[in-house]
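The values are calculated or read from the model by the stated rules, or taken from the named source; none is laboratory data. These numbers were taken from a predicted model, which means no experiment stands behind them. Every residue, glycine among them, receives a Cβ derived from its backbone with ideal geometry; neighbour counts consider all protein chains shown.
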Amino acid sequence: MRHYKKGRKLGTDASHTKAIKKNLAVALFTNDRIKTTVPRAKEVRGDIDRIITWAKKGDLHSRRLAIAALGDKDLVREVFEKAEQGMWADRNGGYTRILKLGPRKGDNAPMAILELIEESVVKKEKKVSKPEASEKPAKKEAKKAEEETEEVVEEAEESVEDAAEEAVEEVAEEAAEEEAEEVAEDVAEEAADEAEEAAEETAEEEQAE
């Protein structure tokens, strides 16, 4: 059982693995980028981050820990000076970058470039309001406005139709009343003429007698 033996074996025993990681860390801090296999790059990345964190602290205890990890006082002094100049001041972890290169000829081992990240962090701008959330209420309001305008137009059309029907009915009633009055007048005139004729006939008959 591998209790308290965290990490990759890298195909060697514990002492050899420790030496490999130490040499990779020294090579990376010396050259700023190295070419190695992907498992070795992933394994040494934690040690690099730990050493840079000690350099950012800058106290004596952290310096001694870094010297014990790298075994080179001059190199540790350079790393601590870079940290004092603010190279990683705005970055909280993630001080390395792995760029995969593909398999190596011969043993087909996956190769990669491990490099230190020296550029500053670009902070993302916070979105004040989500465009989708702002568009949805706008669309809803537009739909409501369209529905309201349609309802108003329908009501106006119905009122116009009702007014036109009422006007037509009034005109028809007025025309019917006028026709009825004319017919009544004609009937009255005919009745009066007939009465006059009858009166004249009776008068003539009486004179004749």
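Some values worked out for this structure:
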| read-out | value |
| --- | --- |
| Residues of the range 18-63 that turn out to be β-branched (Val, Ile, Thr) and more than 24 Å from Gly102 (Cβ to Cβ), as a count | 5 |
| Filter result for Ala66 (within 28 Å of Leu101 (Cβ to Cβ), among the small types (Gly, Ala, Ser) and crowded, with 16+ Cβ neighbours inside 10 Å) | no |
| Of residues in the range 74-98 being farther than 23 Å from Ile113 by Cβ and among the acidic types (Asp, Glu), the one modelled with the lowest pLDDT | Asp90 |
| Pairs with Cβ under 6 Å, 6+ apart, first in the range 75-97 and within 11 Å of Ser120 (Cα to Cα), second of a type in the set (Ser, Thr, Tyr) and exposed (fewer than 14 other Cβ atoms within 10 Å of the Cβ) | Asp90/Ser120 |
| Unique match (being within 60 Å of the chain's Cα centre (by Cα) and without any contact (Cβ under 8 Å) to a residue 60 or more places away in the chain) among Glu166, Glu190, Glu181 | Glu166 |
| Total residues in the range 69-119, condition among the small types (Gly, Ala, Ser), surrounded by 11 or more Cβ atoms within 10 Å (Cβ to Cβ) and in contact with a strand residue (DSSP E or B) (Cβ under 7 Å, 6 or more places away or on another chain) | 2 |
| Checklist (1) over 30 Å from Gly94 (Cα atoms); (2) at pLDDT below 80 applied to Thr149, failing item | (2) |
